[in-house]
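Accompanying notes for the structure given below.
The values are calculated or read from the model by the stated rules, or taken from the named source; none is laboratory data. Computed from a predicted model, the values in this text were never measured in an experiment. Ideal geometry is used to build each Cβ from the backbone, glycine not excepted, and the neighbour counts take in all protein chains shown. We work out accessible area using only protein heavy atoms, side chains counted, and drop any ligands, DNA or RNA first. Shrake-Rupley method; radii C 1.70, N 1.55, O 1.52, S 1.80 Å.
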Amino acid sequence: MEKMEENKSKQNNVKRPKGGMITMPFIFCKLNFVTNEVCEKLAVVGFFANMISYLTTQLHMPLTKAANTLTNFGGTASLTPLLGAFVADAYAGRFWTLTVASIIYQIAMTSLTLSAILPQLRPPPCTGEQVCPQATSGQLAILYGSLLLGALGSGGIRPCVAAFGADQFDETDPKQSTKTWKYFNWYYFVMGASILAAVTVIVYIQDNIGWGWGLGIPTISMFLSIIAFVLGYPLYRHMDPVGSPFTRLLQVSVAAFRKRNLTMVSDPNLLYQNEELDASISIDGRLVHSKQMAFLDKAAIVTEEDNVKAPNLWRLNSVHRVEELKSLIRMGPIWASGILLITAYAQQGTFSLQQAKTMDRHLTNSFQIPAGSMSVFTMLAMLSTIALYDRFLIRIARRFTGLDRGITFLHRMGIGFLISVLATLVAGFIEVKRKQAAVAHGLEDKPYSIIPMSVFWLVPQYGLHGIAEAFMSIGHLEFFYDQSPESMRSSATALFWTAISVGNYVSTLLVSLVHKYSAKPDGSNWLPDNNLNKGKLELFYWLITGLQVVNLLYYICCAKLYTYKPIQTPTKDAESEEAASKV
């Protein structure tokens with residue numbers, strides 16, 4: 001009797017409801033103004049929105065070198081999520097990875113703020129026509145050391161915030177499973193709102209009040225967000241780490257190689273299954289056999305040398321583990337398709353910003369929009385699209401598709417790719433008009449003069465990029481979470497940031513190649529260092545457009561051939577019956 005009561009007590013402890021919508025305020029605390037992830041956006045986006053101006057006007061870097069500096073650093077910062085995801089999936093779990101990474105980021109933000117406040121940590125100011133002194137190597141070391149520490153902290157935050165939030169919805173519960181895709185919409189919406197604050201309020205403070213306040217406000221907000229996030233600990237649904245996912249992938253690969261000469265079994269049901277072995281990595285459902293990549297199935301063939309009760313995983317693996325590897329391999333081509341969209345998007349912080357600096361940015365006679373705040377139109381377009389999509393477009397699409405989410409994430413990504421093509425195509429035509437205005441007013445040889453052409457001509461290209469991101473990036477993120485094995489969701493979500501990293505590096509490579517090979521003996525260049533008016537930026541935009549068209553065709557082929565993750569999901573009723581039988 002006592003044992004029965006003990007079992008019931010354990011069952012109640014295991015089954016007590018956690019997660020769900022009640023946890024969202026604490027997690028979106030990572031995404032709101034007094035938050036962590038968004039404090040990262042407020043600080044880093046606010047900082048980088050003006051960084052191209054800082055490098056070119058304060059450190060006197062050539063335009064192409066400054067652009068490459070930004071994209072290189074952005075690429076490096078987007079690689080660290082791989083490390084954070086590995087730690088979360090294999091050892092620490094998402095909650096503790098988020099907490100420790102947030103503290104590291106807090107240290108980085110504090111250091112950045114101090115570098116902006118203390119005079120000895122930054123170059124002295126200059127006025128008039130005097131030659132401005134460059135930052136010393138020591139000052140640059142402190143600055144970039146802080147930013148690199150911030151990149152390490154964000155490496156733990158970025159892959160875990162989205163996945164940890166989605167973890168709060170139990171996929172085996174019909175009442176909660178349909179809320180996952182809503183979560184990704186609102187995750188991106190709240191993140192976009194924070195970026196909007198960064199490129200308006202924070203940039204304005206930096207330009208008009210000072211960098212000390214411009215970085216100090218997000219630093220204080222970050223501190224408050226850490227406290228709020230930790231306070232939600234008792235309410236969260238925690239997914240325990242289950243060992244290195246990369247080790248399991250390697251074990252399947254080695255086992256398949258060692259058994260490469262075996263004849264494949266005629267019936268897939270004869271392949272090795274072990275529910276007890278896979279219990280910790282298949283809580284939300286067991287992966288079932290798929291026909292693709294049959295050579296990997298040999299890792300699940302049982303031979304006389306194999307001990308099925310205690311298998312050597314370097315020789316024998318279950319079907320579930322084999323399918324984990326297959327799922328990640330199938331995701332690869334879709335992942336690669338997102339790279340060029342990031343390459344196109346990266347130009348907003350470099351060449352599009354330089355375009356804005358040469359144009360009339362006045363709203364009134366006494367107030368003009370900071371060039372670094374032009375991306376506000378990208379954020380507004382993205383936020384509006386997400387809201388319209390969630391409130392109206394999904395309901396309309398349901399009538400035609402019958403899907404609760406309206407359209408699949410693959411269709412959503414495809415729409416985003418198409419709109420991104422239009423964005424760079426339009427950008428090229430607007431650049432032609434901008435240069436024509438410069439020539440018409442005799443300003444072709446005056447790179448620092450303001451062309452009497454409204455900066456609002458750039459709104460279409462910024463807006464189209466925002467609409468494209470609302471479709472493609474959210475679909476991409478949802479794709480990684482939904483199609484990845486459950487024990488690798490942090491790692492798979494990190495692939496989203498890795499695509500951003502590679503996209504930034506591709507941008508650097510593309511800019512460097514175009515700058516090198518478009519140079520002519522007379523000094524002309526598509527992407528000149530000092531005078532955009534004499535360049536051919538429109539041809540660069542159209543080159544990206546052409547590459548994106550090819551990428552869109554590639555994506556369509558990948559999407560048509562893609563096979564969704566084969567999963568057998570347990571139902572709540574089945575779980576209840578199993579629990580009752582054990583009692």
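Some points to look at:
- Filter result for N525 (modelled with pLDDT of 85 or more, of a type outside the set (A, V, I, L, M), more than 19 Å from F246 (Cα to Cα) and in contact with a His (Cβ under 7 Å, 6 or more places away or on another chain)): yes
- Within segment 200-221, considering residues that are open to solvent by 10 Å² or more (accessible area, probe 1.4 Å) and among the β-branched types (V, I, T), the one modelled with the lowest pLDDT: T200
- Looking at T401, T408, just one residue is within 20 Å of the chain's Cα centre (by Cα) and free of Cβ contacts under 8 Å to residues at least 12 places away in the same chain, and that residue is T408.
For every residue, the table says whether it meets (1) in the same structural domain as I419 (by the TED database); (2) in contact with a Gly (Cβ under 6 Å, 6 or more places away or on another chain); (3) closer than 30 Å to L270 by Cβ.
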{"residue": "P311", "(1), (2), (3)": "no, no, yes"}
{"residue": "W314", "(1), (2), (3)": "no, no, yes"}
{"residue": "S318", "(1), (2), (3)": "no, no, yes"}
{"residue": "A336", "(1), (2), (3)": "yes, no, no"}
{"residue": "I339", "(1), (2), (3)": "yes, yes, no"}
{"residue": "Q355", "(1), (2), (3)": "yes, no, no"}
{"residue": "T358", "(1), (2), (3)": "yes, no, no"}
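- Residue match in segment 323-330 (condition: at pLDDT below 90, crowded, with 22+ Cβ neighbours inside 10 Å and either within 29 Å of V549 (Cβ to Cβ) or among the basic types (K, R) (or both)): no
- Exclusive hit being assigned to a loop (DSSP other than H, G, I, E, B) and loosely packed, with under 14 Cβ neighbours inside 10 Å, set T247, T263: T263
- Residues satisfying the criterion are present in segment 419-434 (criterion: assigned to a helix (DSSP H, G or I), touching a strand residue (DSSP E or B) at 6+ places or on another chain (Cβ under 8 Å) and surrounded by fewer than 19 Cβ atoms within 10 Å (Cβ to Cβ)).
- Positions within segment 273-309 being in a loop (DSSP other than H, G, I, E, B), aliphatic (A, V, I, L, M) and open to solvent by less than 70 Å² (accessible area, probe 1.4 Å), in sequence order: V288, M293, I301, V302, V308
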